[in-house]
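Each remark here refers to the structure printed beneath this line.
A short reminder: the numbers here are calculations on the coordinates, not readings from a lab. Here the structure is a predicted model, which is why all the values come from computation and not from measurement. Here Cβ is always computed from backbone atoms with ideal geometry, including for glycine, and neighbour counts include all displayed protein chains.
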Amino acid sequence: MRLWQDVSKKGGAVGFTPDSTPEAVVEFVEAKLATVFNGSDHLVIHQENTEVLAMAILQVNSLEIIAHWMELKHFMVRPDMQSNGLGKRFSTAIAEVARTQLHLEQLFLTAR
């Protein structure tokens, strides 16, 4: 949740304005994580030691006809770790996980 708050405070497009309250972020993140825990979505993180430096959620499609692709949502890199290639390496790792572990053919990403 700290990553989500840090990215929001820096103006990142992760669903909140920089002045959002921590309580609002916590409530939203808990709801998002519930979709991961119940198997509806997949959480991909990059961490060093115990610190999360980047994360994204792969949103599962409920229709069988489009089960071969997922939408990449809430892609974020810790603000102080940006501009050093971590985002590119992380997106490459996500694509590898999608291909080899989830057997997906496509990922979709919408960005602002």
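For the chain, what is the relative contact order in percent, using Cα pairs closer than 8 Å and at least 6 residues apart in sequence? Contact order relative to length: 22 percent. The angle between the Cα long axis of helix 86-100 and the main principal axis of the chain comes to about 30°, on a 0 to 90 degree scale. Dividing the summed helix terms, -39500 (n - 2.57) for each DSSP H run of n ≥ 4, by the number of residues in the chain produces a 222 nm estimate of -11000 deg cm²/dmol to the nearest 500.
Counted by neighbouring Cβ atoms within 10 Å, the residues Asp80, Asp41 run from fewest to most as Asp80, Asp41. Tilt of helix 22-37 relative to the longest C-alpha principal axis of the chain, in degrees (0 to 90, nearest 10)? Helix 22-37 sits roughly 20 degrees off the main axis of the chain. The reciprocal of the average 1/r between distinct C-alpha atoms defines the Kirkwood hydrodynamic radius, which for the chain equals 14.7 Å.
With neighbour counts taken as other beta-carbon atoms within 10 Å, the residues Lys10, Lys32 rank, fewest first, as Lys10, Lys32.
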